[in-house]
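Here the structure comes first, spelled out in structure tokens, and everything after it is commentary.
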Amino acid sequence: MNLMQLIKLVLDDAYAGIKVKTGADKDKLILKELDALMAEYANLTCATRKAIEYSDPVKRFAYIYKYTVARI
């Protein structure tokens, strides 16, 4: 198994952990969270920044989807 296959397994598991009725609802939440993460990361160098909380399954999925593969 290569790294991309492993990340796909992690994403599939994380996606299943988002508890909403439909896949379309999950996708809407994820898109909203992707925008929120980009805004939060844009302020990481600010003196007033807050720590980013990753306990929400949607936020975790969005982070893995957007940033994990790019950093490998």
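What follows draws every value from the coordinates through simple rules; no lab data is involved. Predicted model only: the values in this text are computed from it and were never measured.
For every helix of n ≥ 4 consecutive DSSP H residues, a contribution of -39,500 (n - 2.57) applies; sum these over the chain, divide by its total residues, and give [θ] at 222 nm rounded to the nearest 500 deg cm²/dmol.
Dividing the helical sum by the residues of the chain leaves -18500 deg cm²/dmol.
For LYS21, give me every one of the aspartates and glutamates with a C-alpha distance below 13 angstrom, ignoring sequence neighbours fewer than eight places off in its own chain.
none
Can you give me the angle between helix 23-42 and the longest principal axis of the chain, using Cα atoms only, in degrees from 0 to 90, rounded to the nearest 10?
For 23-42 against the chain, the angle is about 30 degrees.
Given a cut-off of under 8 Å on Cα pairs at least six residues apart, what relative contact order in percent is computed for the range 3-71? Show your work: numbers first, answer last.
Numbers: 35 pairs, mean separation 32.1, N = 69.
Reported relative contact order: 47 percent.
Spelling out what I want: for every residue of the range 50-57, take phi, set θ = phi - 60°, compute 6.51 cos²θ - 1.76 cosθ + 1.60 (Karplus), and round to whole Hz; glycine and proline get x.
Residue by residue, the range 50-57 yields 9, 5, 8, 9, 10, 6, 6, x Hz.
Strictly over 20 Å apart at the Cα level, which of LYS8/LYS50; LYS26/LYS50; LYS32/LYS66; LYS28/LYS66 would you flag in this model?
Long pairs (Cα-Cα over 20 Å): LYS8/LYS50; LYS26/LYS50.
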